[in-house]
Amino acid sequence: MKELPPMILLPLLSTLFLSQGLHAQVQDGLDSEYEYGDQYGQRYEDVMTNISDANYGTFDAHYPDDPVKILNHVRRERFYLVLPRVMRDREIDMWIHIIRPWAWGGTDPLRYEFGTKSAVLVFTDRGGDQIEKVVFQGEVQDPGAYDIVGERYRYQSLQDYELMDYAEANQGALVESELALRFEGLGEFVSERDPRRIAVNYIDTLSVAEGSETFTMALGDGISYTDYVELTRALGEIYARRMISAENLILDYLSRRVAAEVVLNGARGYNKVEDGSERFEKISAGVTTLADIGGGPAIDKNGNQHRNPDYVIQRGDLIGDCSGFFWYCGYVLRKNETTLPDHIKEFWIQNRRVREILKKNVRLGMTGGEMLDLLAEKLEAAGFIYTDYQEYNKYVSDPDKMQVHIDMHAEGKGILAPRISPMGPRWHWDMDLQLFHMFAVEYMIYQRVEQWDRANNFTGRRLYAAFHDGGIITSRGMEIPYPDHSNKIQIIQ
């Protein structure tokens, strides 16, 4: 078995979901990590049993150090560096963020950011360098990150015993809803600070469905009608009239990053990837099936794809996840071959050219839409065809040219914007690319293979790949925050 020379090694482009952090649970002062499988639903369990599960995401077992300590540090850095900036940019005097207790934060993208799954949080610009950070009701993982934690509030978590205490202390009082207890005393608290503009987490103009990285994230639309009614009553007529949507403030907060997140991002990427090439060591052409190596697909010498586990691997087969994300890939040499066929070798070379164009041109100072226009222009000038289609476009002027589609969306915080892509709503494209912007280096390439096409009556056979590793924009441009995990295209004798 031989390896392809380094000059045409294909970089393994690892998917990076910074998401909201690492799954961790803290009980009795001890940290223990959840073990999840590879299924999406297992990674995003939202039936959580402890408040410290606000640290969640896909880092879990891939980060070597104490996740709670690190993520608490990230949270404090964001409070210190990002919070004052975004509130003042939006001219917000007070931000009230409500995470509903019965949902346990399952649809709130800020549950990690604030370290809680159930709370009423109040951030007030009272002048000076920093923002006053108050946990008005609820519990948080990192109380030291806040200036005030439940100082005036008696019902921290709305547990049964707290409601019983309320009933005992207020004999004969009729409570319309225990949810109203969350806002007891809030009107007086707000009045003391007298804010002119109060941002609250409900949406006004932005679309939710197109704004989230996963179906679990509600982005700016975090409160219910009941929350709104009870909050309005608690604030009173004067301050209720000063409420506005926090939708853009939330997007600003989620889209800004600090250096500590870049460090965490890089460490996670470094520990994440396995190339999977060991599965090729057992291949014997004409004998080994896809089931023997843990699955396919395999693309035969005529460009036909096989996924049946009983398929017997033949000479001339391209094996592995070569029609999607390049986690692993191998080629079984045909008789008299000593290296890869020209069409496969050329495909890798052209991919490296595409990636270099992205790396040289992605930079600060532009919106997502402006950057997409620039990249499309550069790709076309280099001899590629840029396409808005997320599939092969048979209507292009020159079908022999490699086609490139780009969907470099923001990554890691449940938000897709700013987005260097033709996909999504316009506000995705209109957001500025910020310093330390973390995004998916996601692009697809499609190349017609003449011999495959000829063997299939010219019905259209092409080699396709999708890439999805993580990138960061610094003052120097686009950077990868961890070493490339080169995926060797195994040459199998």
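The values are calculated or read from the model by the stated rules, or taken from the named source; none is laboratory data. Source: prediction; values computed, not measured. Neighbour counts run over all protein chains shown; Cβ positions are idealised from the backbone, glycine included.
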Any residue in the range 126-142 that is touching a helix residue (DSSP H, G or I) at 6+ places or on another chain (Cβ under 7 Å) and at pLDDT below 80?
no
Pick from Ile473, Ile445: which is within 30 Å of Val86 (Cα to Cα) and in contact (Cβ under 8 Å) with a residue 12 or more places away in the chain?
Ile473
Among the numbered criteria (1) under 23 Å from Met94 (Cα atoms); (2) among the aliphatic types (A, V, I, L, M); (3) at pLDDT below 85, which single criterion is violated by Ala167?
(1)
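Please verify whether Val135 is closer than 21 Å to Asn72 by Cα and under 26 Å from the mean Cα position of the chain (by Cα), treating the condition exactly as stated. Before the answer, list the steps.
On the way: closer than 21 Å to Asn72 by Cα: yes; under 26 Å from the mean Cα position of the chain (by Cα): no.
No; evaluated as a whole, the condition is false for this residue.
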So is Glu377 part of a helix (DSSP H, G or I), of a type in the set (Asp, Glu) and on the phi < 0 side of the Ramachandran plot or not?
yes
Out of (1) at pLDDT 90 or above; (2) closer than 19 Å to Pro341 by Cα; (3) of a type in the set (Val, Ile, Thr), what's the single condition that is false for Ile492?
(1)
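Condition check ((1) more than 18 Å from the chain's Cα centre (by Cα); (2) modelled with pLDDT of 95 or more; (3) buried (at least 18 other Cβ atoms within 10 Å of the Cβ)) across all residues:
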residue	(1), (2), (3)
Glu377	yes, yes, no
Ala381	yes, yes, no
Glu391	yes, no, no
Pro399	yes, no, no
His409	no, no, yes
Gly414	no, no, yes
Pro425	no, no, no
Asp430	yes, no, no
Met438	no, no, yes
Whether any residue in the range 458-473 is modelled with pLDDT of 90 or more, of a type in the set (A, V, I, L, M) and either over 25 Å from Leu249 (Cβ atoms) or not assigned by TED's automatic domain parsing to the domain that holds Ile349 (or both) is what I want to check.
no
Restricting to helices (runs of 4 or more DSSP H) lying wholly in the range 225-344: which have 3 or more residues that are at pLDDT 90 or above?
225-240, 247-255
